[in-house]
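The structure appears below as structure tokens.
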Amino acid sequence: MAGPSEGKIEAQSRVLHPESPLQKRFSVLAESVKPGDPENLEAQAARLYWPVILGNGQRREGGTRVGINSALDYGYAVVRALLARSVVGTGLHSAFGLHHSSRANPFALVDDLIEPLRPIVDQHIRDLSEPVGDDLTPVLKRLIVAVVTTPLEYRDRVGPMTEVLERYADGYRRFVEGSEKFLDTPVAHGHR
């Protein structure tokens with residue numbers, strides 16, 4: 001199983017320009033992640049990733065409710081809700097996470113499984129046809145919600161996010177039960 005940190009770093013590398021000098025660095029970071037990410041390589045990758053994605057000296061600050069950070073949070077919330085539905089629909093208990101563990105978080109497992117999917121949202125927000133201003137207008141929200149139409153590839157099959165997330169959650173269930181040796185993560189179609 002590729003852990004959430006390794007999967008997230010690999011997904012972030014796919015968002016970067018293919019000829020970016022960071023591509024090789026991200027490959028090395030992803031291959032170096034140990035279980036539980038004791039060297040905090042995910043944070044090292046984030047320090048390199050966000051300045052490239054956000055540009056203009058902006059910083060990633062979740063929960064700020066303004067500008068690009070607000071758009072990213074909104075997109076993550078949309079995908080998180082869809083993934084939560086898939087996790088529960090598969091018969092998994094959403095509060096039993098691997099790395100996210102808090103008695104106050106009823107969606108710890110969802111928060112683990114979403115990590116490799118966040119860069120798909122990042123790419124979607126970066127590619128929006130409308131500029132992201134300080135406020136999320138209804139038009140902008142509709143454009144962000146369209147992330148659910150992103151075709152994803154999972155286990156050599158391409159489908160809409162809604163279908164793929166159900167198969168991803170079921171793949172995790174089979175991995176936990178022992179009938180699968182590896183947990184694959186979905187990727188945006190065409191971004192391997």
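Bear in mind these aren't lab numbers, they're just calculated from the coordinates by the rules spelled out. Keep in mind it's a predicted model, so treat the numbers as computed, not measured. With ideal geometry, Cβ positions are generated from the backbone for all residues, glycine too; neighbour counts draw on all protein chains shown.
Structure data summary
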read-out: Under 12 Å, Cβ to Cβ, from Ile114 - net charge with Lys/Arg +1 and Asp/Glu -1; value: 0
read-out: Under the Karplus curve 6.51 cos²θ - 1.76 cosθ + 1.60, θ = phi - 60°, whole-Hz ³J(HN,Hα) for region 69-82, x wherever Gly or Pro sits; value: 5, 5, 5, 4, 4, 5, x, 4, 5, 4, 5, 4, 5, 5
read-out: Gyration tensor verdict on region 67-192 (Cα atoms; rounded if a/c is under 1.5, prolate if a/b is larger than b/c, oblate otherwise); value: oblate
read-out: Residues with amide H under 5 Å from that of Thr150, placed H, sequence gap 5 or more; value: Met161
read-out: 22 Å Cα-Cα reach of Lys24 towards lysines, excluding residues that sit fewer than 8 places from it in its own chain; value: Lys8, Lys34
read-out: Estimated 222 nm signal from helices in the chain, with DSSP H stretches of n ≥ 4 weighted -39500 (n - 2.57), rounded to 500; value: -16500 deg cm²/dmol
read-out: Pair Ser20, Asp156: separation of 7 Å Cα→Cβ label points (nm); value: 3.0
read-out: Gyration tensor verdict on region 1-110 (Cα atoms; rounded if a/c is under 1.5, prolate if a/b is larger than b/c, oblate otherwise); value: oblate
read-out: Extension gain (nm, one decimal) between Asp135 and Ala77, 0.36 nm per residue minus Cα-Cα; value: 19.2 nm
